[in-house]
Amino acid sequence: MERKYHLPQMRSMRSNALCSVMQRHEDALNTAIDGRRELWGLSPFELLKNRHLPHVFAQEIRYYASALFCFEFFINSLRPDSDGIQIPKGELAKLMKRDIGSFEEFCYRFLTMGREHSGVGFMWLIFERGRVLLTTTQNYNMPRGLPLLCFSLWENAYIENYSDRREAYLSDCLRLCDWEYAENSLKGKIF
């Protein structure tokens, strides 16, 4: 059977629990679009933008597409290996300094916001109304604005490797941030 959609492989911080959840969502999306060849091969982002989804399946398709968009963005927000913590460069660095302050201030806000987030969801670095900001969303909701980086706050992303130490997991996310990916998103090369 031809696959309609495939998530990219986790390059770092691999968690069997997270991979299992992502696989279930991928399978559910493929089932929801089965028989609708015009939807095969579309990315979750393209499915979410599609205004002509079959009405009876639109809600289900959008739910799984939203989940997979978040997971895919999370996977792409992390470098495959760490040469130590890197800092943003270029236009993103200038905007972050203006809107957030120092890189140390960004790290502090990132760890605090991630630690204090209640429930499950994602933390995002976004560009909205000319400003760079950190925000969180619940479940598989996406933020307003242009996503630059995404980090899973679901337990399945860290429980296997970090137990209940979410802050240690978030510290490793900081160490693996793919700032080049964020810069490309800011420049419109991702969307």
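Report the label-to-label distance for ASN141 and GLN59 in nanometres (one decimal), using points 7 Å from each Cα along the Cα→Cβ vector.
1.7 nm
Taking the Cα centre of segment 54-123 as origin, sum charge times position over the Cβ atoms of Lys and Arg (+1) and Asp and Glu (-1), and report the length of that vector in debye to the nearest 20. Don't skip to the end; give the middle numbers.
Details: 8 positive and 9 negative charges, 38 e Å.
In total the dipole reaches around 180 debye.
Could you provide, to the nearest whole Å², the per residue accessible area of segment 13-124 with probe 1.4 Å?
For segment 13-124, the per-residue accessible area is 52 Å².
Find which of LEU146, GLY41, ASN161 sits farthest along the positive direction of the dipole of the chain, computed with +1 on the beta-carbon of Lys and Arg, -1 on that of Asp and Glu, about the Cα centre.
Positive-most Cα among the choices belongs to LEU146.
Over all Cα pairs of segment 17-79, how is the pair count split among 10 Å bins, expressed in % and running from 0 up to the last occupied bin?
Values per bin, smallest distances first: 22, 56, 20, 3.
Quick one: 3J(HN,Hα) in Hz for segment 132-141, Karplus 6.51/-1.76/1.60 with θ = phi - 60°, rounded, Gly and Pro as x.
Per-residue couplings from phi come out as 9, 8, 9, 8, 10, 10, 8, 6, 10, 6 Hz.
State the percentage of accessible surface on segment 81-191 attributable to carbon and sulfur atoms; use a 1.4 Å probe and exclude ligands, DNA and RNA. Before the final figure, lay out the partial values.
On the way: 2680 of 5600 Å².
About 48 percent, which is the carbon plus sulfur part of the accessible surface.
Which of the three applies to segment 62-169, rounded, prolate or oblate, going by the alpha-carbon gyration tensor with a ≥ b ≥ c and a/c under 1.5 meaning rounded?
It is oblate, given that a/c is not under 1.5 and a/b is not larger than b/c.
Tell me, what are the semi-axes, in whole angstrom and largest first, of the equivalent ellipsoid of segment 129-185 as set by the roots of 5 times the Cα gyration tensor eigenvalues?
Working from the Cα gyration tensor, I get semi-axes of 23, 15, 9 Å.
Could you give the size of the charge dipole of the chain about its Cα centre, using +1 on the Cβ of each K and R and -1 on the Cβ of each D and E, expressed in debye and rounded to the nearest 20?
560 debye
Ignoring ligands and nucleic acids, what accessible area does GLU155 show with a 1.4 Å probe (Å², nearest 10)?
Looks like 110 Å² after rounding.
So if the hydrodynamic radius of the chain is defined as the Kirkwood radius over C-alpha pairs, what does Stokes-Einstein give as its diffusion coefficient at 4 °C and 1.567 mPa s, in µm² per second?
75 µm²/s
Counting only the heavy atoms of the protein chains, how much of TRP154 is accessible to a 1.4 Å probe, in Å² to the nearest 10?
Answer for TRP154: close to 40 Å² accessible.
So for CYS107, CYS177, what's the accessible-area order with a 1.4 Å probe, most first?
CYS107, CYS177
My understanding is that a pair violates if its Cα-Cα distance is over 22 Å; which of LYS94/LYS189; LYS89/LYS187; LYS49/LYS89 do that in this structure? Could the numbers behind the result be given before it?
Working: LYS94/LYS189 19 Å; LYS89/LYS187 13 Å; LYS49/LYS89 30 Å.
Table pairs above 22 Å Cα-Cα are LYS49/LYS89.
To the nearest 10 degrees, how steep is helix 55-76 against the longest Cα principal axis of the chain, on a 0 to 90 scale?
Result, in degrees: 30.
Taking the full set of protein chains and a 1.4 angstrom probe, give the accessible area of MET142 in square angstrom, rounded to the nearest 10.
Its heavy atoms expose roughly 80 Å² to the probe.
The values are calculated or read from the model by the stated rules, or taken from the named source; none is laboratory data. For clarity, every value in this text was computed on a predicted model and none was experimentally measured. Note: ideal-geometry Cβ built from the backbone for every residue, glycine included; neighbour counts use all protein chains shown. Just so you know, the surface numbers come from the protein's heavy atoms only, side chains and all, with ligands and any DNA or RNA stripped out. Shrake-Rupley method; radii C 1.70, N 1.55, O 1.52, S 1.80 Å.
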